[in-house]
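All remarks here apply to the structure that follows.
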């Protein structure tokens, strides 16, 4: 795979599987925190006063196709931060040169800050000697001209805490410390078997690695399906960061992961509770417009030639995302901005 080495773009350096054929996700590189962030206890970091939360100062670089970047787009929308934080959207197709800007393509944009052609240029601007993968999302500081952070989990928490005075007063975290800790626990619990599990299955290079990934994935899906029989959301009585992190995998599952990554033991729409839960989240105001299925399908089926060398985009099942559900009978309600005075 491709990455920067000492600030130079290389196409022959990064290996994503280990000697047993199991997929191993590389670490992200830029891990600063905006001042005022509520840093989770398990993260060895402190907010940096160098980065103050201010309207118009920060910019998100995302792909509609990427589930990790999608987390940050969801939070930005649900929290009403569109005017506070700008966005640039890369092309869903990623070739040997990495993520690129193709503003003439539907749903894409130019680099609205640096006017670059490739996302890697942003990384080199932040660190001329960067040795790392070039990934989305990226939280960019236009005042310091640098990358604050490119770890989706951490950017999500920054948006929900450091920027809470710049949005619409919606909260994506419980009010109590125990509830926030439970959100962090659930995000961790779903990451390896589900969020990363689909990649572990799709990029596995041995039968044993694939079988382990599939067993973990569907074991976890079964578990959370049972949990959702009596609970509208994953934690507490309202939509939280945990639901965002699960949503971005589930919304891609039937259209992409089931076929492309051979996660074909079962569709999500065949689950009694996960499927209504997914439709319930999909209908949440501010969420639907962040889903671009054309970008999602194009990216996966055309960007991984080792998995789908033909580049043919699978049609996938014809799903009714707006079909009625009875999730509102359960405790809890979606986050809603306050009514206008």
*Any idea what the relative contact order of region 86-192 is, in percent, if you count C-alpha pairs under 8 Å spaced at least 6 apart?*
13
_Counting only helical runs of four or more DSSP H residues, what would the 222 nm mean residue ellipticity of the chain come to if each run contributes -39,500 (n - 2.57) and the total is spread over all its residues?_
-9500 deg cm²/dmol
*asked:* For the pair residue 46/residue 146, report the inter-label distance in nm, with labels modelled 7 Å from Cα in the Cβ direction.
replied: 1.6
*In whole Å, what are the Cα extents of region 14-79 along the three principal axes, biggest one first?*
46, 29, 20
*Full extension from residue 131 to residue 96: what is 0.36 nm times the residue separation minus their Cα-Cα distance, to one decimal in nm?*
10.9 nm
*Roughly how many nanometres apart are two label points built 7 Å out from the Cα toward the Cβ at residue 289 and residue 321?*
1.4
_Where Rh is the Kirkwood radius over Cα pairs, Rg/Rh for the chain_ = 0.94
*asked:* Could you tell me the calculated FRET efficiency between residue 20 and residue 188, based on Cβ-Cβ distance and R0 = 25 angstrom, to the nearest 0.05?
replied: 0.60
*Mind giving me the nanometre distance, one decimal, between the label points for residue 265 and residue 54, set 7 Å out from Cα along Cα→Cβ?*
5.1
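Counting only C-alpha contacts under 8 Å and six or more residues apart, can you give the relative contact order of the chain as a whole percent?
Values: 617 pairs, mean separation 67.4, N = 341.
Here the relative contact order equals 20 percent.
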*What number, in nm² with one decimal, is the all-direction average of the projected area of the convex hull of the alpha-carbon atoms of region 177-329?*
9.3
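With an 8 Å Cα cut-off and a minimum separation of 6 or more residues, compute the relative contact order for region 247-310 in percent. Don't skip to the answer; put the middle values down first.
Values: 36 pairs, mean separation 22.9, N = 64.
Result for region 247-310 is 36 percent.
Laboratory data are not the source of any read-out in this text; all were calculated from the coordinates shown. Keep in mind it's a predicted model, so treat the numbers as computed, not measured. Reconstructed Cβ throughout: ideal geometry from the backbone, glycine too, with neighbour counts over all protein chains shown.
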